[in-house]
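Sharing a structure here in structure tokens format.
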Amino acid sequence: MKNFDDAAASWAATINDWYSLRATREEVVEAFNRDFKDREAYDGTSYVEMFFKSSDGSWTMWLDTSDREQLADSVERLRGNPPLPTYADLWGRLLNKAPR
């Protein structure tokens, strides 16, 4: 079973690997608490319970693409920076965040 601090350290490593943010665990915890902690999922249930916890109630170490991008953007906003840039495909649709 993983606790929140272990999960947050893993999330920091993930966004650092993808976006070279050099985010600390503390920044990730602050960003998570600000932007995810009280969020509701599409059906009104806890977004955290649905996407950040495993079925046994432990915290997941992994982030899906959307949560990884949003958490990285949240860390950047905490730092007073704009969100990470996105890139577009040939038809002008915005796709995943561009790695740095």
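Can you give me the angle between helix 25-35 and the longest principal axis of the chain, using Cα atoms only, in degrees from 0 to 90, rounded to the nearest 10?
Value to nearest ten degrees: 90.
Next question. For K53, enumerate residues with amide H under 5 Å from its amide H, sequence gap 5+ or separate chain, H modeled in the peptide plane.
T60
Now for a separate question. Would you work out the relative contact order for the stretch 4-97, in percent, from Cα pairs under 8 angstrom that are 6 or more residues apart?
This gives 26 percent for the stretch 4-97.
Angle check, please: helix 65-78 long axis (alpha carbons) against the longest principal axis of the chain (alpha carbons), in degrees 0 to 90, nearest 10.
Compared with the principal axis, the helix lies near 80 degrees.
If I compute Cα extents along the principal axes in Å from the structure I just sent, which labelled value in [x] 51, 35, 19; [y] 42, 31, 21; [z] 42, 28, 23 lines up?
Recomputing Cα extents along the principal axes in Å here picks out [y].
How much mean residue ellipticity at 222 nm does the chain get from its helices, if each DSSP H run of length 4 or more adds -39500 (n - 2.57) and you divide by all residues, to the nearest 500 deg cm²/dmol?
It lands at -14000 deg cm²/dmol.
Can you tell which of A8, F51, S20 lies farthest toward the positive end of the dipole of the chain, using +1 and -1 charges on the Cβ of basic and acidic side chains (Lys, Arg; Asp, Glu)?
S20
Bear in mind these aren't lab numbers, they're just calculated from the coordinates by the rules spelled out. Only a predicted model underlies this, so the values are computations on that prediction, with no experimental measurement involved. Because the Cβ atoms are built from the backbone with ideal geometry, glycine has one as well, and the counts that use them run over all protein chains shown.
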